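Notes follow once the structure below has been shown.
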Amino acid sequence: MTTNYEVREHDVLIIGAGGAGLRAAIEALAQGASVGVVCKSLLGKAHTVMAEGGIAAAMANVDPADNWKVHFRDTMSGGKFLNNWRMAQLHALEAPDRVRELEQWGALFDRTENGAILQRAFGGHTFKRLCHVGDRTGLELIRTLQDRGVQQGVDCYMECTVTRLLVENGRFAGAFAYWRENGRFIVFKAKAVVIATGGIGKAWSVTSNSWEYTGDGMALAYEAGAELMDMEFVQFHPTGMVWPPGVQGILVTEAVRGEGGILRNKLGERFMEKYDPKRMELSTRDVVARSIYTEVREGRGTEHGGAYLDISHKPAEYVKKKLPSMYHQFKELADVDITKEPMEVGPTCHYMMGGIRVEAETGQSSMPGIFAAGECAAGLHGANRLGGNSLSDLLVFGRRAGMAAAALAKQTAYSSLDNAQMQNAERELLAPFSNKGESPYAIHRDLQTVMQSLVGIYRNAEDLERALNELQMFKARAAAATVEGSRMYNPGWHLVGELKSMLIIAEAVTKSAMARTESRGAHSRIDYPDLDKAWGQKHNIIVQENGEVVRRELPIPPMPDDLKEVLAAQQ
Amino acid sequence: MAETVLRVFRGDASGGALTDYKVPVAPGMVVLDALHYIQGHLAPDLAVRWNCKAGKCGSCSAEVNGRPRLTCKTRMDELPKDEPIVVMPMKSFPKIKDLVTDVSWNYRVNKKIPPFQPRPGADWKISQLDVDRVQEFRKCIECFLCQNVCHVLRDHDKKEQFAGPRFFVRVAGLEMHPLDGANRVGLLKDELGLGFCNITKCCTEVCPESIHITDNAIIPLKERVVDEFYDPLTMLFRKMRGPSEKRNQAG
């Protein structure tokens, strides 16, 4: 049967061509592995391209007092100490080298007066720490990695979607995928896989995420038997556009506040004084998002239900220079000149702190041969991610996963592939053409509405219960979803597969949110508004059992004394 | 709610036709929103390539009322209201389906360009002024609208001899990088066909990132080619001394 499919072999298969996937590919190639990168879009279009504000790395170019220990403390404290402390340590230690490496591969960052890489302030970071290129840092990062990967000889399968991981004898063996262009199937035989597929924002209706963010990689790992962790922690970025309706959710970079932007309600009050007088606008994202939400709910919102974000007190030329994308975005899409008038902003679903549970050093999941890095992996950010820690996450842990996957591949032979698994994957993909249900678009809209209204910034038991019931109904509808047309570049067909991923992950989020009867970081329960010490000692784990989403708990391992001392030094 | 008609190309490499769709118009709506409405309610198999819907990824290029645009940045309220909005795929690339074209040629051209090579002993101190010049080129989001509109590619289909504006911008970014030590001037002249460009500036006009493609990238690169290959004094000098060291490095 296998001969019916196009088959490609690679020591290391990488799913996703954003920052983490490309950095993993570059490292695996450097280790001598043959590498295939599969991505849903064209190369260079992954969600990393939308990252704006910068890469957090304690290089101490602007604030000489900065060092890895302070970055570690900031990350742990921003994550409400639910972080994997070893990941937070490695991240803080290695981020500066990863930035310098980018520069040696051709990236050009903004400079200080003496010609070093310039760093800017960001929420939750004690010092000016974000290396940046205006407000298009992600583009610089992805283009640099893309060119480096291509020159090093990575094989890239563009517009190709993996729908199932193939497993043999309890370990990863390959992947089943289709080409968007013609709908033909392709099978990858590989010794290890690095999942780097990003997040799940498209399950919510107001999101800064691109269409690709449908939780595919997390769902693939889950279905292959790997554990997911801390899925209740979904970050709502405080500042998305709120008007006009077509642009709702589009990101307004935190760099606006980093450069001195001020938040006000419709009465002109600088309301962050009430919620975090010490850090004000540069408080952590969970706090700022809740503050804006509260202002709006209590009737002090702007005309279109947001808050005002104002940078117009800075010189116009400075704003255009440091925030060029924001200037054009508001000018072209909202008829607002941000050098003269305030922006209207409100929370938008932005980032998944939870994801595939991985080992800190290697990025290997609980399933042998399956690695994960970047947003789809859990651990580094705990209950809330600091701005700027995502791009550094991609680089630090993309590299580590690529290295470990290549090392594993060296000691491993290709497994034979199981025909039954491939035939099942094919059958599942073709079913929508003979189904008699409804359009996947209708189900997707309903899913977004439910997640937005019931599993949003503030949660309670009743809403979560309702959401779970709705999700069960969506699952039945999605299983019967039908598509029109052929297998050639058919977005309705593609959405059926993505809907399945989104539904798995939405259920994982909702079940974890229901269990965590406390408020911590990005997870806010109206019915349990306080931190609960017991919940600070454990992670929520999600696994598949008999086809069901099952939740378990996992104690956080004790922190070694040297790291405890680093944390204590702050107080 | 107001309605408008989108007249969209439906078809593939073998042919196709324009199809009309009635779409409700909301304030601030862009053409990509209208295309999404069609997918969501009228034609779920309408092929559209897009990613960010925020003008940052350069995926959703098409020709709107005959003009190459990013559909995510083309507001409905800036187009004539009383006539259908015509949306066609980019003309210079082979059609795959509906608004999606095969842009893989661009990725093949990109592979020909030698990467950034830091000069030995670089101390990585760079002035912001030097960075500014190169950052303009690095703003490129690879929407390929400049490739689509360039007559060398659009009308004369010289894809084998000519790299197109996008890759002159890329080479300019490398050549003008303050710490780069490679030389791509010979490549520009021969393999990338810079000489075919007769600076009509169509590329600059359609660039959504407002990169001064012709003035800041192409013309300075043309000058470098002239300096290196057509300057009579240099030519004489080269005849006497043999090929320059720098060109040997690049070869």
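The values are calculated or read from the model by the stated rules, or taken from the named source; none is laboratory data. Since the model is a prediction, treat every value here as computed from it, not as a measurement. Cβ atoms come from the backbone with ideal geometry, glycine included; neighbour counts cover every protein chain shown.
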Check: Filter the stretch A:464-503 for residues that are surrounded by fewer than 21 Cβ atoms within 10 Å (Cβ to Cβ) and charged (D, E, K, R); which is nearest to B:His36 (Cα to Cα)?
Finding: A:Glu484
Notebook entry, point to check: Of everything in the stretch B:2-54 that's touching a residue at least 60 places away in the same chain (Cβ under 8 Å) and buried (at least 22 other Cβ atoms within 10 Å of the Cβ), which residue is farthest from the chain's Cα centre (by Cα)?
Noted result: B:Leu6
Check: How many of the residues making up the stretch A:180-232 are within 19 Å of A:Glu548 (Cβ to Cβ), assigned to a loop (DSSP other than H, G, I, E, B) and more than 15 Å from the chain's Cα centre (by Cα)?
Finding: 3
Checklist line | Counted residues, the stretch A:386-418 - those being of a type outside the set (A, V, I, L, M, F, W, C), under 18 Å from the mean Cα position of the chain (by Cα) and assigned to a loop (DSSP other than H, G, I, E, B) | finding: 2
Margin query: Here are the criteria: (1) over 30 Å from A:Thr161 (Cβ atoms); (2) surrounded by fewer than 20 Cβ atoms within 10 Å (Cβ to Cβ); (3) within 13 Å of another protein chain (Cβ to nearest Cβ). Tell me which single one A:Ala65 does not satisfy.
Written below: (3)
Next item on the list: Determine whether A:Leu429 is over 30 Å from A:Ala28 (Cα atoms), in contact with a strand residue (DSSP E or B) (Cβ under 8 Å, 6 or more places away or on another chain), among the hydrophobic types (A, V, I, L, M, F, W, C) and assigned to a helix (DSSP H, G or I).
Entry: yes
Notebook entry, point to check: Looking at (1) out of contact with any Pro (no Cβ under 7 Å at 6 or more places or on another chain); (2) basic (Lys, Arg); (3) at pLDDT 95 or above, can you tell me which one B:Arg184 breaks?
Noted result: (1)
Checklist line | Answer from B:Asp123, B:Asp82 - the residue that is more than 27 Å from B:Asn51 (Cα to Cα), more than 10 Å from chain A (Cβ to nearest Cβ) and free of Cβ contacts under 8 Å to residues at least 40 places away in the same chain | finding: B:Asp82
Check: Just to be sure, is A:Lys266 surrounded by fewer than 24 Cβ atoms within 10 Å (Cβ to Cβ), assigned to a strand (DSSP E or B) and modelled with pLDDT of 95 or more?
Finding: no
Next item on the list: Go through B:Ala172, B:Ala163 for me and flag whichever is surrounded by 24 or more Cβ atoms within 10 Å (Cβ to Cβ), among the aliphatic types (A, V, I, L, M), within 14 Å of chain A (Cβ to nearest Cβ) and under 22 Å from A:Leu43 (Cα atoms).
Entry: B:Ala172
Next item on the list: State which residue pairs qualify: first residue in the same structural domain as A:Ile504 (by TED's automatic domain parsing) and inside the stretch A:455-480, second residue of a type in the set (Lys, Arg) and surrounded by fewer than 18 Cβ atoms within 10 Å (Cβ to Cβ) in any location, beta carbons under 8 Å apart, and separation of 6 or more residues or different chains.
Entry: A:Ala480/A:Lys436
Margin query: Looking at the structure I just gave you, is A:Ala58 assigned by TED's automatic domain parsing to the domain that holds A:Thr197, of a type outside the set (Phe, Trp, Tyr) and buried (at least 24 other Cβ atoms within 10 Å of the Cβ)?
Written below: no
Checklist line | Test result for A:Gly106, within 14 Å of another protein chain (Cβ to nearest Cβ), over 26 Å from A:Gly215 (Cβ atoms) and modelled with pLDDT under 95 | finding: no
Margin query: So for the stretch B:56-79 (the condition being free of Cβ contacts under 8 Å to residues at least 12 places away in the same chain and either buried (at least 20 other Cβ atoms within 10 Å of the Cβ) or not small (Gly, Ala, Ser) (or both)), does at least one residue qualify?
Written below: yes
Margin query: Just the residues that are touching a Phe, Trp or Tyr at 6+ places or on another chain (Cβ under 9 Å) and assigned to a loop (DSSP other than H, G, I, E, B), please, taken from the stretch B:185-225.
Written below: B:Leu192, B:Gly193, B:Cys197, B:Ile211
Next item on the list: Please work out if A:Ala51 is touching a Leu at 6+ places or on another chain (Cβ under 9 Å), on the phi < 0 side of the Ramachandran plot and at pLDDT below 95.
Entry: yes
Margin query: Return the residues of the stretch A:467-514 that are among the hydroxyl-bearing types (Ser, Thr, Tyr) and closer than 21 Å to A:Ala425 by Cβ; say none if nothing qualifies.
Written below: A:Thr482, A:Ser486, A:Tyr489, A:Ser501
Notebook entry, point to check: So which residues in the stretch A:327-347 are in contact (Cβ under 8 Å) with a residue 60 or more places away in the chain and within 11 Å of chain B (Cβ to nearest Cβ)?
Noted result: A:Gln329, A:Leu333, A:Ala334
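So, in the stretch B:11-28, of the ones that are more than 24 Å from B:Pro94 (Cα to Cα) and touching a Phe, Trp or Tyr at 6+ places or on another chain (Cβ under 9 Å), which residue ends up nearest to the other protein chains (Cβ to nearest Cβ)?
Step by step, filter the stretch B:11-28, then rank; the result is B:Gly28.
Please pick out the residue among B:Leu42, B:Leu70 that is more than 8 Å from chain A (Cβ to nearest Cβ), closer than 21 Å to A:Leu495 by Cα and hydrophobic (A, V, I, L, M, F, W, C).
That would be B:Leu42, the only listed residue that is more than 8 Å from chain A (Cβ to nearest Cβ), closer than 21 Å to A:Leu495 by Cα and hydrophobic (A, V, I, L, M, F, W, C).
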Notebook entry, point to check: Pick from A:His71, A:His47, A:His132: which is within 14 Å of chain B (Cβ to nearest Cβ) and within 24 Å of A:Glu281 (Cβ to Cβ)?
Noted result: A:His132
Item checked: Check on A:Glu159, within 30 Å of B:Leu46 (Cβ to Cβ), over 24 Å from the mean Cα position of the chain (by Cα), in contact (Cβ under 8 Å) with a residue 24 or more places away in the chain and within 11 Å of chain B (Cβ to nearest Cβ) -> no
Note to self: For the stretch A:15-44, give me the residue count where each residue is of a type in the set (S, T, N, Q) and within 14 Å of another protein chain (Cβ to nearest Cβ).
What the structure shows: 1
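Quick one: is B:Ser104 at pLDDT 95 or above, within 11 Å of another protein chain (Cβ to nearest Cβ) and in contact with a strand residue (DSSP E or B) (Cβ under 7 Å, 6 or more places away or on another chain)?
The answer is no for B:Ser104.
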